[in-house]
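Values in this text are rule-based calculations from the coordinates and carry no lab data. In this text, all values refer to a predicted model and were calculated from it rather than measured experimentally. So basically every Cβ, Gly included, is an ideal-geometry build from the backbone, and we count neighbours across all protein chains shown.
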Amino acid sequence: PDSPLARWTKSLRSLLADQDGAHLFRTFLERERCEDALDFWFACNGFRQMDLQDAKTRRVARAIYKRYVEGRGVVAEHLRAATRACIRESVKKQRIELRMFDQAQTEIEGGLEESAYRAFLTSDIYLDYV
Amino acid sequence: IDSEDDLLQECISSAMPKKK
């Protein structure tokens with residue numbers, strides 16, 4: 001009952017907490033060309049663990065913004081305009097906070113949960129593994 | 001000095017689940 005597979009079907013979060021689960025889900029997303037959504041989700045988690053005193057943190061915030069928020073990728077497409085604007089302001093004004101991507105992460109997580117996660121659980125990638 | 005891409009990759013990897 002507490003096998004990894006049982007956990008994967010419990011929730012998106014429990015799937016992502018498992019190394020094999022996260023890896024398999026990313027393979028599925030690659031096929032759908034939306035693996036950026038997952039990378040962004042992990043980047044937000046990693047960013048929250050950083051140290052504001054570290055000069056690296058500011059550069060990572062800018063890198064996340066440039067890679068996922070500012071362009072026309074799958075993440076930017078799924079974020080609310082207000083959320084993107086808010087992050088843009090923070091980066092431009094160098095108001096870096098560890099929770100500055102939280103809202104965006106919530107929006108992306110919601111999108112993953114509603115579509116990709118459900119599709120994953122009925123995909124051949126998942127079924128073959130099972 | 002690390003490129004921003006490297007820093008981003010490092011940030012993503014740090015949050016990935018580790019083998020139990």
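Report the normalised scattering of segment A:1-84 as log10 I(q)/I(0) at q = 0.13 Å⁻¹, calculated by the Debye formula with identical scatterers on the alpha carbons. Each listed q corresponds, in turn, to -0.52. With angles folded into 0 to 90 degrees, how steeply does helix A:102-111 sit against the dominant principal axis of chain A? Use alpha carbons for both and round to 10. It works out to around 30 degrees. Under Stokes-Einstein, with the Kirkwood radius over Cα pairs as Rh, the value for the protein assembly as shown at 37 °C and 0.692 mPa s is 206 µm²/s.
Between the Cα long axis of helix A:55-64 and the first principal axis of chain A there is an angle of about 60°, rounded to the nearest 10.
Using a cutoff of 8 angstrom between alpha carbon atoms and counting only pairs six or more residues apart, the relative contact order for chain A works out to 26 percent.
Relative to the Cα centre, the charge distribution of the protein assembly as shown, modelled as +1 at Lys and Arg Cβ and -1 at Asp and Glu Cβ, gives a dipole magnitude of about 520 debye. In this simple spin-label approximation, A:E113 and A:A6 carry label points 7 Å from Cα along the Cα→Cβ vector, and these lie 2.3 nm apart. Suppose R0 equals 35 Å. What FRET efficiency, 1/(1 + (r/R0)^6) with r the Cβ-Cβ distance, do A:R99 and A:L127 give to the nearest 0.05? Result of the calculation: an efficiency of 0.40. Using the Cβ-Cβ distance between B:K19 and A:L52 with R0 set to 25 Å, the FRET efficiency works out to roughly 0.25.
Annotation note: trypsin sites (Lys or Arg not before Pro) in segment A:52-130 located in DSSP loop regions with a Cβ neighbour count of at most 13 within 10 Å are A:R72, A:R80, A:K93, A:R95, A:R99.
Segment A:13-45 and segment A:69-123 have Cα centres lying 14 Å from one another. For segment A:116-130, 3J(HN,Hα) computed residue by residue from phi via the Karplus equation (6.51, -1.76, 1.60; θ = phi - 60°) reads 4, 5, 5, 5, 4, 5, 10, 7, 5, 4, 5, 5, 4, 5, 4 Hz, glycine and proline entered as x.
In loop segments of segment A:12-41 as defined by DSSP, the trypsin sites (Lys or Arg not before Pro) with at most 11 further C-beta atoms inside 10 Å of their C-beta are A:R33. For the peptide B:2-11, the mean number of other protein chain Cβ atoms found within 10 angstrom of a residue's Cβ is 6. Can you give the angle from 0 to 90° between the axis of helix A:35-48 and the longest principal axis of chain A, with both taken from C-alpha atoms, to the nearest 10? Around 60 degrees separate the two axes.
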